[in-house]
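Novice: Take this structure first; my questions come after.
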Amino acid sequence: MPCKKILIASGLLFSGLLWGITVASAEYGDILFKRPEAKVKKEVEGFKPVPPAVFPHWIHRIRFRCLVCHPFIFKMKRGANPITMVKIQAGEFCGKCHNGRIAFALGLKVCPRCHYRSIAEKTAEQKDGIDPKAEAKAGKIIYEKWCIPCHGVTGRGNGPAAPTLVPKPRNFFDGVFKIRTTPSGELPTDDDIVKIIEKGMPGSSMPAWKGLITTRKVQQTAAYIKTLMEDWLQEEEPPEPVSWGKPLPITTESISKGKELYSTMKCWECHGKGAKGDGPSAVGLKDDWGFPIKVADLTQQWNFRGGHTVTDIFRTFTTGLNGTPMPAYFDVLSEEDRWHLANFIKSLAMDKKPLLKTFWEWNQNPK
């Protein structure tokens, strides 16, 4: 058991550096402990009702092996762990580590760190408008809980999971964002960041968080991400999005004009004659950080980062993808031509859906 204690101690000391002072809030993947008040009253003198305790299982799991806690501290069977504050303070269960030596000690001053009441929720109750600093502070808690594994503590895209991911996580410090409504080379708007968090980045490890956390918490996370950007701290005015009109109807004539533009603008050099992402220039492409880039297969639009509607495609042609070889055509093509080009790209997969195969089918024909 000595080795086990060392492992627990070192792991939790590391996690303490990452967590700082946090306040509990239940999220996807957490475990909520809500014991009947009648039972608690018998155990705790002067008991007053408190919110349920929240155990952030996911954040523990990404930092420690299962054997750190199971089955020595917590038995892996429903109802087999009669956890109470009395037992925890006696050094059982959570108290094995939360003793003031390995991890923070439990007591009245740190109740909010485990019980369901978050800064984010308190901020939502403000009646005098939104305080940007309070929003960012609430967002920091959410970021530390969900985003650090990929994006890193300081937002430089160097989290512990980053080396295994393709494409690599975004480096927020540099302020270079692919999906934006702002001109090429500019920072994104607040709405741009919120939409990416909510929709995710298809074809990558970035999930869609809409429905997993509230819209308010997405906005707070976006507010904190802005504080990680060097350029944003120097900006006096918020970024302004590019404006454009309504989409052109997807007609045979518009698609034909778009196809001509696809050829004359040499889109095929990267994306290929058949738009499969296999053009002669596709091999060896890298982003601004030197990481390899896989050119998009324009016939698999469910993987389009930033969305696959005609307007989403038009936006990409208009603003480009910062940090990649994909340029902006705002100053090169007229708005009408950009709509024609977007209509052509959309026509390549109007009714096409991802092909799902069983393992047996894929093993027989992996193409």
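The values are calculated or read from the model by the stated rules, or taken from the named source; none is laboratory data. A quick note: this is a predicted structure, and the numbers were derived from the prediction, not measured. All Cβ positions, glycine included, derive from the backbone under ideal geometry; neighbour counts span all protein chains shown.
Novice: For the structure I just gave you, tell me whether LYS266 is among the basic types (Lys, Arg) and surrounded by fewer than 15 Cβ atoms within 10 Å (Cβ to Cβ).
Specialist: yes
Novice: Checking LEU355 against (1) at pLDDT below 95; (2) part of a helix (DSSP H, G or I), which test does it fail?
Specialist: (2)
Novice: Only one residue in GLY152, GLY107, GLY129 is among the small types (Gly, Ala, Ser) and modelled with pLDDT of 75 or more. Which one?
Specialist: Residue meeting the stated conditions: GLY152.
Novice: Any residue in the stretch 256-275 that's farther than 19 Å from VAL332 by Cα: show its pairings with residues that are of a type in the set (Val, Ile, Thr) and surrounded by fewer than 19 Cβ atoms within 10 Å (Cβ to Cβ) at Cβ separation under 9 Å, as long as the two are six or more apart or on different chains.
Specialist: Here the result reads GLY274/THR299; ALA275/THR299, each pair linking the stretch 256-275 to a residue that is of a type in the set (Val, Ile, Thr) and surrounded by fewer than 19 Cβ atoms within 10 Å (Cβ to Cβ).
Novice: Considering only residues that are touching a Gly at 6+ places or on another chain (Cβ under 8 Å), buried (at least 18 other Cβ atoms within 10 Å of the Cβ) and not aromatic (Phe, Trp, Tyr), which ones fall in the stretch 314-332?
Specialist: ARG315, THR316, ASN322, MET326, ALA328
Novice: Of the residues PRO188, PRO239, PRO202, PRO247, which single one is modelled with pLDDT of 95 or more, surrounded by 16 or more Cβ atoms within 10 Å (Cβ to Cβ), part of a loop (DSSP other than H, G, I, E, B) and not assigned by TED's automatic domain parsing to the domain that holds THR309?
Specialist: Residue meeting the stated conditions: PRO247.
Novice: Do we have GLY307 as assigned to a loop (DSSP other than H, G, I, E, B), small (Gly, Ala, Ser) and either within 27 Å of the chain's Cα centre (by Cα) or in the same structural domain as TRP209 (by TED's automatic domain parsing) (or both) here?
Specialist: So GLY307 fits the description; yes.
Novice: Sticking with this structure for a sec: Which condition from (1) aliphatic (A, V, I, L, M); (2) farther than 21 Å from ILE255 by Cβ; (3) under 22 Å from the mean Cα position of the chain (by Cα) is the one that ALA296 breaks?
Specialist: All conditions are met except number (2).
Novice: Please work out which residue is nearest to the chain's Cα centre (by Cα), limiting yourself to the stretch 266-289 and to residues that are among the small types (Gly, Ala, Ser) and over 28 Å from ASP174 (Cβ atoms).
Specialist: The residue in question is ALA275.
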